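Following: one structure in structure tokens, then a few remarks.
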């Protein structure tokens, strides 16, 4: 998966720090919820584009709902992939 974003230098560095922490947690075998503040009324307008080098199923509304593990009702969402893994049990195992 490749993600392209249009961000400012400070935003790029904050995202890089977050990804570095993801890698650190993964290396430790540690599970944590990590957040990134999206300042949509400011200049954070990343226009994220995702592309895939392998066959990946479509992100349907049903699958998207499965990614949400908490919702405060005000737009703050937390995501995880475990429910999607179970939902894709019939998809080729190398893409789960």
Of the criteria (1) exposed (fewer than 10 other Cβ atoms within 10 Å of the Cβ); (2) outside the structural domain of residue 5 (by TED's automatic domain parsing), which one residue 64 fails: (1)
Of the criteria (1) exposed (fewer than 10 other Cβ atoms within 10 Å of the Cβ); (2) within 15 Å of the chain's Cα centre (by Cα), which one residue 22 fails: (1)
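The values are calculated or read from the model by the stated rules, or taken from the named source; none is laboratory data. Bear in mind that the values here come from a model prediction, so they are computed numbers and not experimental data. With ideal geometry, Cβ positions are generated from the backbone for all residues, glycine too; neighbour counts draw on all protein chains shown.
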